[in-house]
1. In the neighborhood of His364, defined by Cβ-to-Cβ distances under 15 Å, what is the net charge if each Lys or Arg adds +1 and each Asp or Glu adds -1?
2. Could you bin all the Cα-Cα distances of the range 435-478 into 10 Å bins starting at 0 and give me the percent of pairs in each, rounded to whole numbers?
3. For the range 121-217, rounded, prolate or oblate, judged on the Cα gyration tensor with a ≥ b ≥ c (square roots of eigenvalues), a/c < 1.5 rounded, else prolate if a/b > b/c?
4. By counting other Cβ atoms within 10 Å of each Cβ, how are Asp473, Asp569 ranked from fewest to most?
5. Quick one, could you list the DSSP H helices from the chain stretching 20 Å or more along their long axis (Cα atoms) with average Kyte-Doolittle hydropathy of -1.0 or above?
6. Calculate, in nm to one decimal, what Ser212 and Thr143 gain on full extension: separation in residues at 0.36 nm each, minus their alpha carbon distance.
7. Taking the convex hull of the alpha carbon atoms in the chain, what volume per residue do you get, in Å³?
8. Suppose R0 equals 60 Å; then what is the FRET efficiency for Asn591 and Ser390 from their Cβ-Cβ distance, rounded to the nearest 0.05?
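No value in this document is a laboratory result; all are computed from the given coordinates. Source: prediction; values computed, not measured. Cβ coordinates were reconstructed from backbone atoms using ideal geometry, including for glycine residues, and neighbour counts include every protein chain displayed.
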Amino acid sequence: MEGLAQRLIRRLSGRRRFDPSNSLGSRVRPQVQPEGEFPVKGFPDGRYFANLGELAKNYGGTSSVVFHRSKTFVEQTGHPVDILTFGHLRDYDSLTEEMLADGRFVPGMRFRNMWAELSVMHPAEAGTVRRECPDFSPLDDSTASEVVRGRGVPLRKFRKRGSTVNLQIDMCRADGSVIVSDRRDLTTSTGKSRHSLILCDTKSRPVKEFGSIVELRNYWLDSVVGDDLAFLFSDTFGIAGFTHQYKRNNVVLVQTFHNNHLRHGTKGQIGYTQDRYLPFLDNIDDFDATVVLTTRQKHDLDALMGPSPQRWVVPNSRTVGGSDGGSRDRTRGMCVGRLVAGKQIDHAIHAVVAANERLEAPIHLDIYGEGTARSAIEQTIADIGTTDISLIGHDPTAADRFASASFSLLTSRSEAMPLVLAESMSRGCIPIAYDIAYGPGEIITDGIDGFLVEPDDVAALTDTIVKLQTMDDADLESLRRAARKRAHDFSDAAVAEKWGEVLRETLAHRREPEELAVSECETSLEASDHSLVFSASFNTSRLVHALRAHLVLRSRSEPVLTRLECAIDSVEADRYTVSTVIGEDRISWVNRGIIDAHLEVHDESGRAARRLPAPLRFRDGEKISYSDFTVYATKHGSLSFKHK
């Protein structure tokens, strides 16, 4: 029987790789290049989209990573990439032209913006019947509290309660006609608040009503994606919070993970300051593929959320093989990155100053970058009174400077995948980095192509700098050759090959989305030494292919989330029994609040989640103590853990 992947691939056979005519208002269209001119072969045919949401102010961080990956896909595989945005503050057509002109984009890349395309999606054609919307009440000069003009959406009208609460926002074209009227002051027949977003044609006549911004976004995404096979990449946690709901037979959802998801210094704790990760982690298995940057992070993510065949490791790439200088100053080092507290640039400064007290020929450190910690760094340099440190600021050519420097320093508290190391190594500049999670230990082989130092150990960092400066020329050149060789493992071509493998495997094992539900659930819970043995029996609404089950522990008020993989103990018809062990380490670090227990059951076609009922004896009033928690049944009979 022909599977989903085969049907979609057959649908694409005989076509050009991408029909760029499916555009509503974008002046700059991707250029499709002929097959056979690209280094990476076998990349899945289909349409490629990066769902970015909104750009950072300086287009840095995740935005720059998305740009580079998209550029790599175009140049290495010949597949154009549309970068999708939902923001209303920029003119994205003009920004596409600007980035094509300065080289950040190449032909085959463009922005597509929801508001720009919604504004022309429904022309006001003569004789067209438009729907009646009783909630539609566009703002005018007498009802608008505030009017704001901008470059993206030309006109925004606000109706407010007081100065801060928006009751209605009308997104308008330059001529004042309404694109979308967003009302937030409505109620249902039972008195509950409700949301109404009304999309209009070019004469402000209602076309369609939506109950949430997610519904409106999905409506636009449907118009963008069409019916062909499409790969939709999500790169931020905010976007992941709604992208996981965009389930279409022809769309492969790929979520990439660019940040450390754990609290600093821990192995299994999300942390009280990282609640922005929860919308993604809570729905991680709704994505067809989840991609992290390092093997160590995948290991930690599997330990926290339970293993999954849908998780992959693909590092970010860089264009490597730049000039090796020809004139290299052995006494010059570099730090390149954002000047923020987490980069701990002061560690690099103190280490260089301390090393110079031990070296005959003093070294000089150039620091490239801008950020909120700049003034503090300037003060550190001034307090020390050294002239051996230069604060250069932002320089778009900073990576090329590695070719004339001898070493680079990375002293961050945490990273996801610091590709500045690969940029340094590709130019023969020897990296010295804290061995933090994640990244440095998977790029550098200590003593072979660079050096790893225990995190936050400034004395060890100083010793390593001195060691490097006192090495003989032959050993130093051996390090440089090995560094250049290692950097090629992170080249655009090498990483594009890895992406091709991930996407082919994901497509081959993907099934059509199919609803799944769990019913008639019964549980048991038994205490043993430093653990709780949990089991559950339940029915499923359909045949489940390769069932996986997890016990999910989620806090009501804190960013606490962990999943424990369950063993499948028995299967009788459509009734399953599963079990797992809750170790103290899973919850002992949580120091407040209530944790609720949930069951997740999933296969390649869908996922079901439900609140777990407490064991019958708990519902009869029994409670037990475990770690610092009381395990009990709520008033609705559900299983919960309350911190004492």
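1. Values: positive: Arg328, Arg330, Arg332, Arg401; negative: Asp329, Glu357, Glu360, Asp366, Asp388.
That sum, taken over residues with Cβ under 15 Å, equals -1.
2. Calculated P(r), rounded to whole percents: 26, 51, 22, 1.
3. Numbers: a/c = 1.84, a/b = 1.13, b/c = 1.63.
Cα axes put the range 121-217 in the oblate bin.
4. On the way: Asp473 8, Asp569 12.
Listed from fewest to most nearby Cβ atoms, that is Asp473, Asp569.
5. Working: long enough: 62-77 (22 Å, -0.31); 473-487 (21 Å, -1.23); 492-509 (26 Å, -0.24).
Helices meeting the span and hydropathy rule in the chain are 62-77, 492-509.
6. Working: separation 69, 0.36 × 69 = 24.84 nm, distance 2.32 nm.
Here the answer is 22.5 nm.
7. Details: hull volume 136.8 nm³, N = 644.
Expressed per residue, the convex hull around the Cα atoms of the chain is 212 Å³.
8. 0.85
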